[in-house]
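First the structure, in the form of structure tokens, and then the observations on it.
The values are calculated or read from the model by the stated rules, or taken from the named source; none is laboratory data. What you see is a predicted model; the values in this text were computed from it and never measured. Here Cβ is always computed from backbone atoms with ideal geometry, including for glycine, and neighbour counts include all displayed protein chains. Accessible surface areas use protein heavy atoms only, side chains included; no ligands, DNA or RNA. Shrake-Rupley method; radii C 1.70, N 1.55, O 1.52, S 1.80 Å.
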Amino acid sequence: MANIVSPFEDPERRLAAGRFGMLIFIASLAMIFAGAILGVLVVRLEDEGTWPPPGMPQLPWSLLASTVVLVASSATFLRSTRALRRDDRPVFVRWLTVTLVLALVFLVVQAYAWWDLLGRGMDFSRHLYAWTFYFLTGLHAVHVLGGVIPLWIVTRRVLRGDLSAPVRRGVAYTAMYWHFLDAAWVVLYLTLIAGTLER
């Protein structure tokens with residue numbers, strides 16, 4: 001009887017298959033974010049009032065700060081994956097660790113924005129402006145948290161000296177997801193800004 005060899009025993013084919021699976025996952029997430037953005041835009045277009053409504057705070061400066069942090073984390077992740085391809089372990093570890101730190105900073109700044117707005121009386125019950133803000137930023141924050149967990153796992157394994165094929169694949173898949181979250185946040189942030197522009 002002939003031996004049957006799985007195509008996934010080839011590391012390159014296994015990586016390609018994993019990337020394809022991640023692309024399908026990202027496409028499904030893109031549809032969720034697109035639906036959320038479309039819903040917010042419809043709500044905004046049907047509301048004839050100004051956003052933010054009288055008595056409600058403007059979008060906080062911390063959103064811009066968190067945007068800069070997230071874009072920076074995507075850049076550092078890119079530098080780390082390039083170093084991994086060159087087998088430059090010290091540079092790879094350094095930039096991967098910086099990426100994890102920036103990811104955590106992003107979540108902290110987002111939590112601060114929520115805390116600040118809630119402290120200034122912007123709660124869900126006041127107006128659809130508040131609801132759409134918390135909905136979009138919360139939807140994204142949940143997915144960022146979902147990305148921080150595998151990022152933390154691969155960073156911890158790399159810091160312990162593990163550069164095995166599964167870890168390298170984990171870094172590649174996490175990087176794809178992280179860059180998607182970066183792009184999604186930029187679109188969400190621009191949507192929030194567009195909602196406050198006068199019509």
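Placing +1 at every Lys and Arg Cβ and -1 at every Asp and Glu Cβ, with all other atoms neutral, what dipole size does the chain have around its Cα centre, in debye to the nearest 20?
Using Cβ point charges on Lys, Arg, Asp and Glu, the chain gives about 840 debye.
Of the chain, which part is the longest with no GluC sites (Glu not before Pro) in a loop (DSSP not H, G, I, E, B) and with at most 13 other C-beta atoms within 10 angstrom?
After excluding every exposed loop site, the longest remaining stretch is 49-197.
Using just the helices of the chain, give the 222 nm mean residue ellipticity in deg cm²/dmol: DSSP H runs with n ≥ 4 each add -39,500 (n - 2.57), and the total is spread over all residues, rounded to 500.
Roughly -28500 deg cm²/dmol at 222 nm, from the helical runs in the chain.
Pick from R157, R89, R13 the residue whose mean-square fluctuation is largest in a GNM of the chain, springs joining Cα atoms under 10 Å.
In this elastic network of the chain, the residue with the biggest mean-square fluctuation among R157, R89, R13 is R13.
Build a GNM of the chain with springs between Cα atoms under 10 Å: which of R14, R160, R94 gets the top mean-square fluctuation?
Of the options given, R160 has the highest mean-square fluctuation.
Roll a 1.4 angstrom probe over the protein heavy atoms and tell me the percent of accessible area of the chain that is carbon or sulfur.
Carbon and sulfur: 69 percent of the exposed surface of the chain.
Could you do me a favour and compute the accessible area per residue for segment 122-199, 1.4 Å probe, result in Å²?
Details: 3550 Å² over 78 residues.
Value for segment 122-199: 45 Å² per residue.
Above 15 Å lies some portion of the pair distances; for segment 115-163, what is it as a whole percent of all C-alpha pairs? All intermediate terms of the calculation are to be shown ahead of the outcome.
Numbers: 710 of 1176 pairs.
Counting pairs separated by more than 15 Å, the tail of P(r) holds 60 percent.
Could you compute how much accessible surface W152 exposes when probed at 1.4 Å, giving the result in Å² to the nearest 10?
About 120 Å², ignoring ligands and nucleic acids.
Please list W185, W61, W95 in order of solvent-accessible area, largest first, computed with a 1.4 Å probe with all protein chains present.
W61, W95, W185
In whole Å, what are the Cα extents of segment 1-126 along the three principal axes, biggest one first?
Per principal axis, max minus min of the Cα coordinates gives 75, 38, 18 Å.
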